[in-house]
Each structure stands twice: as structure tokens, then as C-alpha cells.
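Notes to accompany the following structure.
The values are calculated or read from the model by the stated rules, or taken from the named source; none is laboratory data. This one's a predicted model, so the numbers in the text were calculated from it and none came from an experiment. Cβ: placed from backbone, ideal geometry, glycine included. Neighbour counts: every protein chain shown. Accessible surface is based on the protein model in full, side chains and every heavy atom, while ligands, DNA and RNA are left aside. Shrake-Rupley method; radii C 1.70, N 1.55, O 1.52, S 1.80 Å.
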Amino acid sequence: MGTRMRKGWRVAMACMASVTFLEVSQGATPSAEDRLVHRFLHVEISPDGTFVASVEGDSPVNGSSPPLRELVIRGVKNGAVTTIAVPCGHVPQCWPGSPAWSADNRHLSFTLRRPGSHSYGVYTVSSDGSDLSKQIDFEGTVVDLRYMTDGRLSMLATEGARKEVGATEAGAAVAGDLDEAPPEQRIAILADGAVHWASPPDLFVYEYDWRPDGKGFVGTASPGDGDNNWWTAKLYAFNAADGAAQVIYSPTDIQQQIALPKVSRDGATVAFIAGIMSDFGSTGGDVYTLPLAGGQPTNITPGRPASARSLFWNCKNRLMSQELASEKSQLVDLGTGRQPAPGRVLWSGIETLARGDASVSLACPSGLMATFHESFTSPPEIATGTGIQWKDLTAVNAGLKTPARVQSLQWISDGFTVQGWLLLPEHVDGKLPLITTIHGGPAGATLPLFRGPGLQQTLLERGYAVFYPNPRGSFGQGERFTAANVHDFGYGDLRDVLAGVDAAEKVAPIDDARLGITGGSYGGFMTMWAVTQTHRFKAAVASAGLSNWLSYYGENGIDGWMLPYFGASVYKDPAVYAKSSPINFISNVRTPTFAYVGERDIECPAPQTQEFWHALKSLGVPTSVMIYPGEGHGLREPEHAADAMRRTIEWFDKYLK
């Protein structure tokens, strides 16, 4: 990490597209049988900056979530490693999560659960790995442990949970009384071996932060189904003594969602990220601050051509933002947060820091930070530093490479400057087939992540080029760009994608007669949509796609996300949904299309994939479908991920080779 370019970076211009050549990996690439990517799911530094705790494990081929996970404590100065022997009992494995350090640096608390169960334990262990003890058993889910200033441990807990937290997790069986009140995730305080509730039973709390005075919390919450109602969440203040809730900010714009509330160290201000966001947990937008004594929120980054992705207050009570600005990740000092600020960039790099609420863990008063970082060609490692300079604490993935030349492309489409990534094989011989891969969202972005053994690496090794566009609707260019596909799904964003393919063909030897397209979620919709609008792609693979917005509205478990984008429900304005439904243009399709989805996907239900496959089969278009049992939004089981990869490669080889 750092502000200097790595050796081999250079800049070049070609035609109407700008291209930055970023990295060229050297050396042989270990095969999937030799090395798997070791991934870090959560990193937490102790308050005195002495230890870093992490949840980590090896990722399966074509997967990101490690099926076996460890809790590890490392010494910052000497690198000493202590792996905590977690008590799994009679089961072969269990997952630690949500590590949190006590204020005296002596103890680490964490959750523990068996995959597939909804029963959690909370444990505490000493910093040297000794004195492991169970604090509580809880029938339900427990996430986001945090020590408060008075030494008590807070958390988010769902009593009697029917599924794991989050709409991307596999849904519960659709049976019984569908109007029955759902279990709600609440703020809880662990004291004297018992859970004490600190938020009401009728609110689902998504994210929270404690107030330094110890009297309460601030959090985003909404009543009802937690999977579906995040898009209408409000900002609340909660009283720790009795759990009473008071709304302190309610967005008036349907296209504004709020995320990641962070209370300043003096307790006077809460900062949060607001903007149009299509998924809880996929955060991006402008930074707002609100006085906790009362008042109106202030957008302190108006018009900034970037998307804030996480926030924290540093030891000097200055507001820090980790943002995506085109192809760069940046750490920005936004000052006191009281007024709009241009921001001072402390660090900028063409790589990705750990994502989400815990993207940067801070130790006070030392100011030392911990995170993990990666790029397309550099595997993930934990790093510590001041936010300006960083030093790797681990080298567990040393020697892993990606066989690719990575280029950041920029092109003009409808007056927008659009960015994307082009990956070419290390050795190019003649013209290459190109696979365009569209990210989920639409409010998301393809970031420079190290994917390791899997689909991308296999395609590159087999002589394909891989293109990742970030069309309008993506993060990274500011709020105007992110909201530019509202009421226009599939039209302007597809023009951006096709213009990006043109840009790629101008800077690399791409064979326009051998173009493929793929993507998942929103990318799955865009794949289904693209083959109804153009014959340019000769093969397609749609993962968890959307074929019919009208039927989708009544089938999915998260229809709350649709109102900001379509402006009204499907029952009030069916035309705006119909105009972007691939099924209404299905007779145009000539492109052979393979589609797959999880059986219990509540974000993009399996009937959407089945409907598209059924139509293509009826029309005589080459097609195939796979519905993976028990899976949610994204494949978690390693054998399912490997099977989907094999089928995808065989499909592209059949029609593009």
C-alpha cells in the first residue's frame, strides 16, 4: 500500500478512451490444487495498538466465503500469531465472528456459531489466548459486538431468528402465516450473564453506535421485516436504560437511504452516509452530519465526484471517510464535520481496503489503524499504519499471482465519464474473445479485488479477456451518476456497457465476433436484458437474474428497494416496470444463454430465472438452467460454486472458442 505507484505502472491514451496500465504480475500462478486464497473477514485492533484480531480462512475455488474460519490474534510489533482454539463440541466446525476488544486491551470477545444453525454463543478470551470462557448462549443471531466506555458489551441480537441476518442469506421456507410478525434485530447489552434490551421490540435495528456518555445509542431502524424495510429506515436515538426510541432524522427524499451512523468522540455529532443505495451493506453516497442536541443534517460533501463507503472519527475527533473515486480508493479527512469540507486525501491507491462498517479499525490514543487490502494482482494481507503510511502485518498469501495485465479504462457515454476494468492474459497471441462481467447492485461497483483460483483466472488462462464496466448507477462518480438510471433501467446503463466494449476494442486486440456477457443479481438482469436488445453478444451466462419486473415485484422479499428506482409500486405504474422487463422483448433473443440461481434466493427468486429459461426453450434458443438447492443470493457451498464455474466455462467455450 502507499501513495507511490508500483514498478511497471504507466499511463497511455488511445482514441476516445483513456486507459491506465496498472499492474503486470510476474511469475508462475499457483494452481487451485496448490494454493487457495486466505481471506480476512474482519480485522480489529486493540485500543493500545498492541494486538490485531482477525477472523480468517481459505476461500474455496470460485468463492469468497471461507467454509472453515479461525480466530487469530497477532502482535503488531513482533508478528507473533495465536490461533484461538474455539470450542465446537461434537460438530466438525464452527464460525467465530465479530471480534471486539475490551478497553483495557486484556480481553477479546467474539461470537461463535455452527453454520446452518441460529444459535449463537458469546465468548471471551485473554489477549494471549488463555482463559477462554463462555459469556452466554443465545437462541437467535448475534452480530456487531462492541465494548462501551463503561466496560459493558453491546450487540445486535435477533431472538428466535428464522434465518441469518441479511437479504443475501438463504430465505426461510415460505410456509405458515405470512402476516405473522417477524423477529426483530435489537440493540442488546450483555451484563451479569444476561441480555438486556436497549431498543424496542417492534423495530429492526440495522446499524448502531454507542454514545460516549454511556446513556444510549444511535442507530438506523425500521419496523417490520428487516430484509425488506431498510430502504425506509430512519435515524433513531435509543435510551440504554429502558430502550425508548426517538426519531432524530427521517429522510424526506425517497431516493435517500442512510447507513453507518457514527457518533463523534465528544458525543455532540452523528455522521452518516446518505444517497440512493440498492442493497443494505453495499454503501455509497454523500457524508452528512447531524447535531445530537437537535437540528437539521448537513451534507458536508455535496457534489463530490466520489462515493463514501465507510466512516469513523479519529482520536482527535476529526471525521474520516473511506471513499471510492473512479478507480481509486481514498482515505479522506473531512475535518470537524460541522460544515461542508473539500476533504484532505490522506491516502489514495488503486486497490481495495476492507469493506463495510469495519473497513478501518482504529486504536486510540495511539492513532494506529488496521485494515486488510488487496488488488486484482495483489492478494489480501492485513496492514497497520497511520492512515498515510501502511505496513503489512501478514504475508500469508505471498507468492499468489493473477495471470493478467490490468487496465483501468475511461470512456464517454451520453456525457458521462464512465470507468471500467480490462484484464488481459499475460501473453496475447492474436485476437481475444471478451467476457463482459456486470456487477450487482445497481448501486455497487467492481472493485480491484484478488479473486484467485476461479472463473476469472480460468478465463484468462484459457485466452479470454475480461471486462468489468461500472455503468451509470454505480458508485465511484458521485450521487448524480449513481442516480442516473432511475426510471431508466437497462437503457442508459446498457449504452454505457456497449460503449465500454468499444473502448476496450480500441486499446486491446478484442475479437468483436466473440463477445460474451455475464453477471449476477443486477448483473444477471443486465445479462438477460442485453440479449433482448442486441445480438452483439454470442454467449451469455445470467446468475440470479431478473426477467420480469412485474412478477418479480410480488415474488421477492425486498420490494422496498424498487420504489426509489421506479418511483411507484408496480400496481400503480406497471408501465415503468414493463418497459425494462426482458421477458417483454424475449422474441428478439438469439444468444445462447445459461442461467443459474439459488433455490432460496429472496433477492432474485428462482422463478425469475426459470421464466427466462422456459421462454428461451420454447423459442428454440440454446439454453440451460441450474437451480442450486438450499442456496440464497450467491452460492455459499463450495461444490455449488465449483459446479457453476464449470458450467459457465463450458458454455463460453462452446459458443466463443
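When the pairs K328/K401; K328/K538; K431/K579 are compared against a 29 Å limit on Cα-Cα distance, K328/K538; K431/K579 fall above it.
A simple spin-label model places the labels of N584 and E180 3.8 nm from each other, with each point 7 Å out along Cα-to-Cβ. Its relative contact order, with pairs defined as Cα atoms under 8 Å and 6+ residues apart, puts the range 58-163 at 18 percent. The calculated FRET efficiency for E599 paired with N317, based on their beta-carbon distance and R0 = 45 Å, is about 0.40.
Expressed as a fraction of 2.2 N^0.38 Å, the C-alpha radius of gyration for the range 356-504 is 1.21. Working note: 222 nm ellipticity from helices only, DSSP H runs with n ≥ 4, each -39,500 (n - 2.57), summed and divided by the residues of the chain, gives -4000 deg cm²/dmol to the nearest 500.
Using C-alpha pairs below 8 Å separated by at least 6 residues, the relative contact order for the chain is 12 percent.
Counted residue by residue at 0.36 nm each, then reduced by the alpha carbon distance between them, the extension gain from E639 to V81 reaches 197.8 nm.
Once all protein chains are placed together, C94 keeps about 10 Å² accessible to a 1.4 angstrom probe.
Less than 5 angstrom separates the built amide H of T269 from those of S264, L292, all sequence-distant by 5 or more or on a different chain. Over all Cα atoms in the range 218-278, the spread is summed up by Rg and Dmax: 12.0, 34 Å. Between A241 and A191, the modelled labels are 1.1 nm apart [label points 7 Å from Cα along Cα→Cβ].
Full extension of the segment from I388 to D488, taken as 0.36 nm per residue of separation minus the current Cα-Cα distance, would add 32.0 nm. Taken over the chain, the percentage of Cα pairs per 20 Å bin, counting from 0 up to the bin with the maximum distance, is 19, 56, 25, 1. Evaluating kT/(6 pi eta Rh) at 25 °C and 0.890 mPa s, with the Kirkwood radius of the range 180-308 over Cα pairs in the Stokes-Einstein relation, gives 162 µm² s⁻¹.
By the Kirkwood approach, averaging reciprocal distances over each pair of separate Cα atoms, the range 561-657 gets a hydrodynamic radius of 15.2 Å.
Entry comment: accessible area of the chain is 38 Å² per residue, from protein heavy atoms only and a probe of 1.4 Å. Take the Cβ atoms of S250 and A568, set R0 to 22 Å, and the FRET efficiency comes out at 0.60. Put simply, the amide H of G519, placed in the peptide plane, has neighbours under 5 Å in I438, V541, S543, leaving out anything fewer than 5 places away on its chain. For the range 237-380, the Cα gyration tensor yields ellipsoid semi-axes of 25, 18, 15 Å (square root of five times each eigenvalue, largest first, whole Å). Accessible surface for E637 stands near 80 Å², nearest 10, in the context of the full protein assembly shown (1.4 Å probe).
At a 1.4 Å probe, what is the % contribution of carbon and sulfur to the accessible area of the range 278-352? Here carbon and sulfur together make up 50 percent of the probe-accessible area.
Here the range 443-534 has an Rg and Dmax of 13.9, 40 Å, counting Cα atoms alone. Here the label points at K617 and R536, each 7 Å from Cα along the C-beta direction, are separated by 3.1 nm in the simple model. If you roll a 1.4 angstrom probe over the protein chains with everything in place, what fraction of the accessible area of the range 493-551 belongs to carbon and sulfur, to the nearest %? The C+S portion of the solvent-accessible surface of the range 493-551 is 51 percent.
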